[in-house]
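Inspection log for the structure reproduced underneath, given as structure tokens.
Derivation of every value follows stated rules applied to the coordinates shown; laboratory data play no part. Owing to the predicted nature of the structure, the values given are computational and were not obtained by experimental measurement. So basically every Cβ, Gly included, is an ideal-geometry build from the backbone, and we count neighbours across all protein chains shown.
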Amino acid sequence: MRADLLAPVLPPDLERQILQIYAYSRPVVIPKLMLVAWRVKEWVEPLLYRTIIISGNPPIEGYPSFTSDIVKAAIQSKPPEFFRNSVRNVLLHVFDLGLVHLVLSVCTGVENLWAPFTVRGLFDQPPCPMPPLKHLYTTCLSLLPHISGAHPLFAQLTHLELIGSPNEGELEQWAAKLPLLPQLTHLSFDEEDFLPICPALLQQCKLLVVLACLDGKPLIGATTHIYEEELSKDPRFAVLVSQWFRDWQLGVHNGDDYWRRAEQFIATRRILGDRHFLAQRQSKNIDAKIYEVPDEIEHI
């Protein structure tokens with residue numbers, strides 16, 4: 001066969017880069033790519049485990065989900081350093097503390113954790129390196145006693161979503177402890193019970209960029225309107241809706257989550273100033289409070 005008719009051979013580095021870009025953009029195809037050649041398997045398999053989702057809800061299109069049995073089998077068959085170096089995002093929509101312990105004991109490089117039901121699993125597992133979390137989404141129940149600026153779990157935490165309502169009588173403790181988190185820039189909650197301490201948090205959390213209420217309703221209820229005037233004056237406060245499971249995945253895969261929407265909304269408000277910001281919304285027939293983030297962000 002003539003040499004000029006042979007298929008072109010890509011340099012290995014370029015071949016690896018192309019395959020990894022494709023695998024990263026559509027992880028669900030990775031198992032098939034792994035069958036092409038051993039070298040391809042070595043290049044793309046870590047990307048399959050970059051985001052581990054264990055949930056009964058289906059993932060967004062193009063992305064795989066894992067069962068607990070699949071994860072347990074993988075942990076038994078691979079060295080710990082594989083998971084330490086590969087896994088960065090974990091969603092555990094489970095009540096099984098044993099599974100939480102197992103996953104976190106090997107995924108010590110995880111940065112983004114969504115674990116709404118198993119907060120105790122973060123603190124009562126056997127001694128092992130705590131994950132250097134940057135994003136944490138979890139129930140506020142049982143979390144409060146552990147919040148400390150010195151705790152390794154919170155040392156690098158920038159984004160925190162509190163799921164559920166605080167226990168009765170704990171609001172003042174939350175107001176005192178949340179400002180202790182040294183890197184916290186983004187804070188959200190999905191229950192209006194946290195509204196009474198929002199003015200204090202905006203004042204005391206020095207690095208706070210976004211304070212988001214995910215309740216999605218304007219502060220016009222009998223128990224919330226008293227905070228509206230003060231919170232309306234601070235552009236960092238926003239009210240919006242999050243589709244929890246889908247939103248988290250979109251944030252992990254392309255950054256298009258409610259944090260980004262809130263940031264864009266706040267930036268627009270800051271640049272225009274409140275008077276021009278409200279005038280712009282009125283010109284677009286947007287009937288919403290100044291702190292309400294619409295589904296589609298207004299562009300300057």
On full extension of the chain, what length is gained from E191 through A176, given 0.36 nm per residue of separation minus the C-alpha to C-alpha distance?
-> 3.5 nm
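Which of K72/K206; K177/K233; K32/K78; K78/K134; K134/K233 have a Cα-Cα distance over 30 Å? Could the numbers behind the result be given before it?
On the way: K72/K206 41 Å; K177/K233 24 Å; K32/K78 19 Å; K78/K134 26 Å; K134/K233 28 Å.
Exceeds cut-off: K72/K206.
Restricting attention to the range 1-99, which trypsin sites (Lys or Arg not before Pro) occupy a DSSP loop and are surrounded by at most 10 other Cβ atoms within 10 Å? It would help to have the intermediate numbers written out before the result.
Working: sites: R2, R16, K32, R39, K41, R50, K72, R84, R88; in loops: R2, R50, R88.
Here the trypsin sites (Lys or Arg not before Pro) that fit, given the DSSP loop and packing criteria, are R2.
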To the nearest 20 debye, the chain has a Cα-centred charge dipole, built from +1 on Lys and Arg Cβ and -1 on Asp and Glu Cβ, of 1040 debye
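Once R0 is set to 22 Å, what does the formula 1/(1 + (r/R0)^6) return for the Cβ-Cβ distance between Q243 and V28, expressed as a FRET efficiency to the nearest 0.05?
In this case the efficiency is close to 0.60.
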